[in-house]
1. Name every residue in the range 285-296 that is surrounded by 14 or more Cβ atoms within 10 Å (Cβ to Cβ) and more than 19 Å from Ser240 (Cα to Cα), in order of residue number.
2. Arg272 is checked against (1) within 16 Å of the ligand (Cβ to nearest atom); (2) in contact (Cβ under 8 Å) with a residue 12 or more places away in the chain; (3) farther than 26 Å from Ala234 by Cβ; (4) surrounded by fewer than 23 Cβ atoms within 10 Å (Cβ to Cβ) and fails just one. What number does that condition carry?
3. Is it the case, given these coordinates, that Pro215 is farther than 24 Å from Gly42 by Cα, modelled with pLDDT of 95 or more and assigned by TED's automatic domain parsing to the domain that holds Pro110?
4. Would you confirm whether or not the range 202-218 contains a residue that is touching a Ser or Thr at 6+ places or on another chain (Cβ under 9 Å), charged (D, E, K, R), in contact (Cβ under 8 Å) with a residue 40 or more places away in the chain and over 22 Å from His124 (Cα atoms)?
5. Among the residues of the range 259-293, write down those that are over 15 Å from Pro304 (Cβ atoms), at pLDDT 95 or above and of a type in the set (A, V, I, L, M, F, W, C).
6. Among the residues of the range 89-102, is there at least one that is among the hydrophobic types (A, V, I, L, M, F, W, C), in a loop (DSSP other than H, G, I, E, B) and within 26 Å of the chain's Cα centre (by Cα)?
7. Which of (1) closer than 18 Å to Arg224 by Cβ; (2) without any contact (Cβ under 8 Å) to a residue 60 or more places away in the chain; (3) touching a Lys or Arg at 6+ places or on another chain (Cβ under 7 Å) does Arg72 not meet, given it meets every other one?
8. Determine if the range 415-427 includes at least one residue that is within 16 Å of the ligand (Cβ to nearest atom) and modelled with pLDDT of 95 or more.
Amino acid sequence: MLHVLTLMLSALAAAPQAAPAANTEVIGSSVRGTPIRAFRVGPARARVKLLVVGSVHGDEPAGRAIVARLRRSAPPRGTALWLIPDLNPDGHAAGSRQNANGVDLNRNFPYRWQADGGPFDTYHSGSGPASEPETQALARFVERVRPRVTLWYHQALRIVVRSTGDAQLERLYSRRSGLPREGLPRYHGTAVGWQNRRFPGDTAFVVELHGGQPPRAYVARHARAALALARAVAPQPVTSKPIPFGARRKAEMRAYARRHYGIDDHRLRRPRVIVEHHTATSTFAPVFNTFASDAPDVELGELPGVCAHFVIDRDGSVYRLVPTSIMCRHTVGLNWTAIGIEHVGTSDGQVLGNPRQMRASLRLTRSLQGRHGIRTRNVIGHAESLSSRFHRERVARLRTQTHGDMGPASMDRYRRLLGRLPAPGSMR
Ligand SMILES: [Zn+2]
């Protein structure tokens, strides 16, 4: 039997971990020397990190209660929350917006910084970009931890503030929290502006809470909204179940790539296309056996045998059969640049009508888009292969060869559903 390595045991991306592992770090100190702390909830080696900053303006403390609540939460598998209750302890102690130098820290960040006012003026931006120790501490922390998503709590405009990051994540937070999503003027030197500029692909945005002390239910609702973000970007469980792809099969793949594409390589470099298929079977086992066998295919009689990089079973389980760094024979004309995803099922409708399989499929496709920079219009069905701008085939009799699985109508719907997920970069 083949070795089956289960990378992530649970089929449920959102399953909470048994016990949250907490960890504390001092990330720097304020002007007056007060330590600024960050708390981690979830494993240090989690692939996806989220950061929540409870308060940056000393007179806007409400987010600290949400952060305190999140410290007792269990983030979804594969994610860790980093929590900074208070980036401005001096301002908090003094009840002032600014830090002890009279600087609005949210105008002090080193992107689009602009001189503004003097000490303790409302928007005083400091003596220069990132002049303040609190700003420096946060910037260092973000550079090191690379949070995929960062939430900054402020008061008291009662909105989710539109940023240049992932709009879907802001919409998700807006829906879950009940706060409308709205734009604000593009201020200079903000933390969010700097983060979104410095790490495009990652998302930072501001949530403006209500004024005053937040009631318990309000705190709970916002904590749930923050966890919903974590679930949305949590890595998907993928079971590695490799088919044999040894030296002989690689040589066969290389010969195939030479014949059909004029490429002297078995490796898949820079994939530009994802092709969705269905297997025309109702179970996974025969699919695996066919792909594993490396026998000439019944249709064209060529080697290596056909395969796909991923197979998604009816229950939503995702199996990786071949690394995406190797070419697989799944779509004539596109194998040189396409990742292949098979869905166990006998028709497009059966696949599209299966919510668990579709959820897994969309998540997998979105994360592959994010990892490889593949555009949604290049996520195609097998039946759409001939119209792809990446289609190429040197063997004349095969130039119009395609299959009927996953046709344009099904794929239009599929691509629309993809667009409802977070941006590819958020799920990479
Ligand atoms: Zn197909």
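The values are calculated or read from the model by the stated rules, or taken from the named source; none is laboratory data. Here the structure is a predicted model, which means the values were calculated and not measured. A quick note on method: Cβ atoms are made from the backbone with ideal geometry, for glycine too, and the neighbour counts reach across all protein chains shown.
1. Pro296 - this is the single residue of the range 285-296 that is surrounded by 14 or more Cβ atoms within 10 Å (Cβ to Cβ) and more than 19 Å from Ser240 (Cα to Cα).
2. (1)
3. Yes: the conditions hold for Pro215.
4. yes
5. Selection gives Val273, Ile274, Val275, Phe284, Ala285, Val287, Phe288.
6. no
7. Unmet condition: (3).
8. No, that holds for no residue.
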